[in-house]
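What follows is one structure encoded as structure tokens, with my remarks underneath.
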Amino acid sequence: MNIHQFVDLFKISYRSTIMDRKIILKQEHRPTKITVFLASMEDSHIRHLIKLARDPSLVDLLGWNPSFEPDETEEFTEAISAFALPYSRKSQPVVFGVYIDTEDFPVGYAVLKGLNMDLLTAEVGVAILDLEYRSKGFGRLALKRIVQYGFDELHLKTIGATILLSNKTSINMTKRTGFAVREIVRDSWPMPDGSMADMVWMELTR
């Protein structure tokens with residue numbers, strides 16, 4: 001299979017799975033009996049995330065302005081799909097909602113973005129926006145599952161992550177998932193107040 005055939009197959013796979021709400025990815029941590037589900041979202045679920053994202057504490061954690069109007073679902077998806085690594089390319093992101101119960105609204109999101117199907121690389125982003133479910137292991141399970149999806153289903157070779165240096169919780173969670181720090185990139189991310197923040201460039205390779 002040449003690269004063009006692979007890209008075509010990827011596009012078909014994207015349309016037939018990610019856009020199908022019936023496809024649900026499950027990740028369970030048996031010792032604690034914690035389970036999360038990743039699934040594509042309808043607009044009402046994205047609007048729910050927009051509401052959760054208005055928490056001011058998330059600005060310092062995520063590095064982007066969460067002040068979206070309820071109907072700005074495309075703008076919100078574009079914001080969470082912003083990529084930063086030199087090998088990333090403008091491409092269709094793979095976006096999931098993070099669910100505790102598949103019949104409920106999502107508590108966060110998980111996204112593979114900047115997919116480069118020539119190098120088989122992508123960036124990953126995971127955030128638990130619902131305060132009730134933060135720092136309880138749900139983000140780590142969501143990260144583990146979307147990384148598995150990227151390697152097993154999209155056949156990626158390297159998945160990168162960029163995290164604000166100040167976000168120690170996310171850095172430690174990503175390390176526990178197997179990522180290694182590649183570089184500290186100084187003054188590399190524009191914050192909503194106009195300042196430039198340091199980022200940690202992390203990678204996991206299969």
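The values are calculated or read from the model by the stated rules, or taken from the named source; none is laboratory data. No experiment lies behind these values; they were computed from the predicted model shown. Cβ: placed from backbone, ideal geometry, glycine included. Neighbour counts: every protein chain shown. Protein only, heavy atoms only, side chains kept; ligands, DNA and RNA dropped before computing areas. Shrake-Rupley method; radii C 1.70, N 1.55, O 1.52, S 1.80 Å.
Quick look at the values:
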item	result
Approximate spin-label separation His155-Asp193, in nm, with each point projected 7 Å along Cα-to-Cβ	4.7
Contour minus Cα-Cα distance for Ser67 and Lys136 (0.36 nm per residue)	22.3 nm
Reciprocal mean inverse distance between Cα atoms of region 132-185 - Kirkwood radius, Å	12.2
Extension gain, Thr102 back to Ser166 (0.36 nm per residue minus Cα-Cα distance, nm)	19.8 nm
Protein accessible area in the chain, 1.4 Å probe - carbon and sulfur %	51
In region 46-103, the GluC sites (Glu not before Pro) that fall in loop regions by DSSP, at most 11 other Cβ within 10 Å	Glu103
Gyration tensor (alpha-carbon) shape descriptor, the chain, a/c threshold 1.5	rounded
